[in-house]
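Working notes, beginning with the structure itself.
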Amino acid sequence: MTTTPETPALTYAEAGVDTAAGDKAVELMKAAVSATHGPEVLGGVGAFAGLVDVSALKDFERPLLASSTDGVGTKIAIARALDVHDTIGQDLVGMVVDDIVVVGARPLAMTDYIACGKVVPERIADIVRGIAEGCRLAGCALVGGETAEHPGLMAPEDYDVAGAAVGVVEASAMLGAHRVRPGDRIIGMDSSGLHSNGYSLVRAVIEAAGLGLDAEIPELGRTLGAELLEPTRIYTGDLLALLDDPAGEGVHALSHVTGGGLAANLARVLPEGTTAVVDRGAWRPAAIFERVSTWGGVPLHDLEATLNMGIGMVAAVAPEQADAAVGLLGSRGLPSRVIGEVVAGDDAPRPTGQDVLVSGAKGVDGGGVLLTGMHEGWS
């Protein structure tokens, strides 16, 4: 076709897609990605498909594949405002892989997807290095990914990340509501902070309060931005160590406390006809949760339905093995404690005062969770 003044010649780069920048990003991230590969990963970075040798599954009687996909929500706005992009990837891994371990599955492989308005190689490489570090912590191979440049659809500085992972569990070892019994103790494991949920609320609160990300907050001991960007704790390694130990033989169910808060997520792994009675007084949330409440005047029930309130993972454990489980987790540097107990529905106390009863959460016909008591220092 002959060009004329009315039909100027255009290149893909002029249209806003720079394939050379994408290639540079791959080169910058290649070493970090390859470091997550064990001998079970075939091929290298850049193949059309990631390949994982799963010959070990032949030793399973009935292997079940577990899969999960997720993103990190509007926490990305904090990373972008601070121009710090090497931790958001750890958030992504935590959101994805820790959803797999709750059924007792061991993660095998993860892939990522990054959409952006403009490929800045160094920024994309930082994001993927964070994902690779998260995979290292979780013992999971990062076997592939995609970076898509969307000029005209996203602003040059915009990006979003998503990921998916797959793992495996022996059918007879699968955890879940079918194992939970009245009398089981509820163990709460500390979060590292806000993790990656509720940032739309948090960002609205700090905007309304007129706070900048560079503000030094005495109660936090650091800047607000540093607190908000604290990476999500990844529980997979600690939980797999627990499940592989005799101390973990009494673990009946796990629940990852993400969107919806502790009660809504715990209710998903309880059988119908049971209630987990959780004592808020058993732990004290980190200072950031109280600050968000105070700065925004956010009601307690709204905080609890949005944020993890200091507990990022929960286990239902047979009573005779609860102390051993807490001890093992503590020995690995994961602060944990018994925060409640599962009771038969008829034995659950009636909610009073600021008690909150949650049931039928997230479309699951499960049990109920009663949040009772009050955190130390809260009213």
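Some observations on this one:
- 1 or more residues of a type in the set (S, T, N, Q): qualifying helices (runs of 4 or more DSSP H) within the range 273-361: 287-296, 322-331
- Any chance Leu213 is open to solvent by less than 40 Å² (accessible area, probe 1.4 Å), in a loop (DSSP other than H, G, I, E, B), at pLDDT 95 or above and more than 27 Å from Arg280 (Cα to Cα): yes
- Total residues in the range 234-263, condition closer than 17 Å to Leu307 by Cα, surrounded by fewer than 21 Cβ atoms within 10 Å (Cβ to Cβ) and at pLDDT 95 or above: 0
- Flag if Gly221 is over 22 Å from Val317 (Cα atoms) and open to solvent by 10 Å² or more (accessible area, probe 1.4 Å): yes
- Residue among Leu334, Leu328 that is closer than 18 Å to Gly193 by Cβ, among the aliphatic types (A, V, I, L, M) and open to solvent by less than 60 Å² (accessible area, probe 1.4 Å): Leu334
- Listed by first and then second residue, the pairs with beta-carbon distance under 6 Å, at least 6 apart or on different chains, first residue in the range 7-18 and free of Cβ contacts under 8 Å to residues at least 40 places away in the same chain, second open to solvent by 70 Å² or more (accessible area, probe 1.4 Å), are Ala9/Thr3.
- Contact map, the range 139-162: first residue closer than 15 Å to Thr69 by Cα, second residue open to solvent by 30 Å² or more (accessible area, probe 1.4 Å) and not in a loop (DSSP other than H, G, I, E, B), Cβ cut-off under 6 Å, separation 6 or more or different chains; pairs are Gly144/Thr111; Gly145/Thr111; Glu146/Tyr113; Ala162/Tyr113.
- Scan of the range 338-376 for residues that are open to solvent by less than 70 Å² (accessible area, probe 1.4 Å) and either farther than 21 Å from Arg185 by Cα or polar (S, T, N, Q) (or both), ordered by number: Val364, Thr372
- Residues in the range 244-264 that are under 19 Å from Pro335 (Cβ atoms) and outside any loop (DSSP other than H, G, I, E, B): 7 in all.
- The residue of the range 9-32 that is modelled with the lowest pLDDT, among those that are open to solvent by less than 90 Å² (accessible area, probe 1.4 Å) and more than 19 Å from Ala115 (Cα to Cα), is Ala9.
The values are calculated or read from the model by the stated rules, or taken from the named source; none is laboratory data. All figures in this text were calculated on a predicted structure; none of them were measured in a lab. As a convention, Cβ positions derive from the backbone with ideal geometry for all residues, glycine included, and neighbour counts pool all protein chains shown. Surface areas here come from the heavy atoms of the whole protein model, side chains and all, with no ligands, DNA or RNA. Shrake-Rupley method; radii C 1.70, N 1.55, O 1.52, S 1.80 Å.
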